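Below is one structure; the comments refer to it alone.
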Amino acid sequence: MQALQFGAVRVYLGEKSGKYPDGNQVIVQGADARVAFDTPQVARHIGPELDDVDAIILGHVHEDHMVALGRLRRATVQVHEGDLAAAQSWAGLGRHYGYPDAVLAQMKPMIERDFDYAPRPDATGYTDGALWELGGGVRVRAHHLPGHTAGHSALVVESEGLAFIGDIDLTGFGPYYGDATSDLAQFRRSLHRVRDIDARVWVTSHHRGVLTERADFLQALARFAGKIDERSERLLGYLRERPHTLDELVARRLLYPPGFELPYVECAERRSIGQHLDELQAMGAVQMQADGRFCPAA
């Protein structure tokens with residue numbers, strides 16, 4: 001299995017550099033304690049180095065970051081307080097997603113099968129700026145970067161200059177803000193703030209893996225952030241053709257290609273498109289007609 005070493009940090013790359021549904025596993029070894037950041041599918045194959053961690057620090061809560069939580073019961077679990085309820089129970093995770101009950105009923109057996117889902121009612125919360133001293137000068141600090149989820153955070157190994165930036169994942173898909181606790185405006189702000197984190201290595205949860213040059217990181221971040229405005233322009237293009245209801249826009253899709261079907265896709269499209277419409281209305285670019293259809297502002 002491919003692993004990269006950066007001082008006290010080891011990064012295990014998942015399949016295709018952690019492309020969803022897999023992810024990239026970070027393990028940090030101090031003189032007194034060993035911690036893991038998240039546990040993606042690759043965690044099933046790592047062995048004792050992961051099995052013996054003292055704590056799992058979650059950068060955020062989604063099914064693909066929780067794969068080993070049910071197996072590693074000896075390890076404590078910590079997550080930003082904004083995502084804490086989602087780690088502690090299925091009810092909390094359901095509210096976190098915000099999907100209708102019928103969709104959640106389809107989702108639960110899927111994530112139990114594909115991601116070994118198990119809640120951790122013993123999980124505890126951290127806040128922005130939380131610091132973990134692992135011994136021997138190895139320390140980790142949380143930087144709250146919400147938008148993807150309410151609690152999404154970067155975990156920075158300050159002693160090694162390595163930032164695990166989670167699902168600010170720099171993929172071609174672009175930012176995901178399709179769940180109940182997602183927030184487009186917060187995501188925009190977080191994409192600015194992440195540039196200011198003092199680091200020389202950036203590790204993503206998915207697909208991009210590891211970047212070691214700041215110029216490459218900034219270029220990838222700009223492309224990733226640019227997907228938001230591309231989506232707004234595509235929506236405006238739909239509305240220039242003719243006025244649309246929200247249902248009609250959801251049917252045309254903004255995030256996923258037509259024909260891509262999973263239980264949550266329509267919900268994610270509705271939540272994402274709704275946020276874009278709110279933003280465009282606030283900018284004065286879009287208005288809602290008396291019949292409930294959206295059109296470009298006059």
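Meeting the requirement of 2 or more residues that are modelled with pLDDT under 95, no strands (runs of 3 or more DSSP E) wholly within the range 153-269 can be named.
Kindly establish whether residue 104 is over 19 Å from residue 140 (Cβ atoms) and buried (at least 16 other Cβ atoms within 10 Å of the Cβ). Outline the logic, then answer.
On the way: over 19 Å from residue 140 (Cβ atoms): yes; buried (at least 16 other Cβ atoms within 10 Å of the Cβ): yes.
It is true that residue 104 is over 19 Å from residue 140 (Cβ atoms) and buried (at least 16 other Cβ atoms within 10 Å of the Cβ).
Select, from 247, 229, the only residue that is under 18 Å from residue 184 (Cβ atoms) and free of Cβ contacts under 8 Å to residues at least 40 places away in the same chain. 229 is the lone residue from the list that is under 18 Å from residue 184 (Cβ atoms) and free of Cβ contacts under 8 Å to residues at least 40 places away in the same chain. All but one of (1) without any contact (Cβ under 8 Å) to a residue 24 or more places away in the chain; (2) closer than 22 Å to residue 166 by Cβ; (3) part of a loop (DSSP other than H, G, I, E, B) hold for residue 119; which doesn't? Exception for residue 119: condition (1). Set side by side, the residues 68, 150 differ, and just one is in contact with a helix residue (DSSP H, G or I) (Cβ under 6 Å, 6 or more places away or on another chain), part of a loop (DSSP other than H, G, I, E, B), under 28 Å from residue 232 (Cα atoms) and in contact (Cβ under 8 Å) with a residue 12 or more places away in the chain, which is 150. Within the range 36-47, can one find any residue that is surrounded by 17 or more Cβ atoms within 10 Å (Cβ to Cβ), of a type in the set (Lys, Arg) and either part of a strand (DSSP E or B) or within 21 Å of the chain's Cα centre (by Cα) (or both)? No.
Restricting the range 118-160 to residues that are farther than 30 Å from residue 90 by Cα and among the aliphatic types (A, V, I, L, M) leaves a set whose member that is surrounded by the fewest Cβ atoms within 10 Å (Cβ to Cβ) is 134.
The values are calculated or read from the model by the stated rules, or taken from the named source; none is laboratory data. What you see is a predicted model, and the numbers here were worked out from it, not measured in a lab. With ideal geometry, Cβ positions are generated from the backbone for all residues, glycine too; neighbour counts draw on all protein chains shown.
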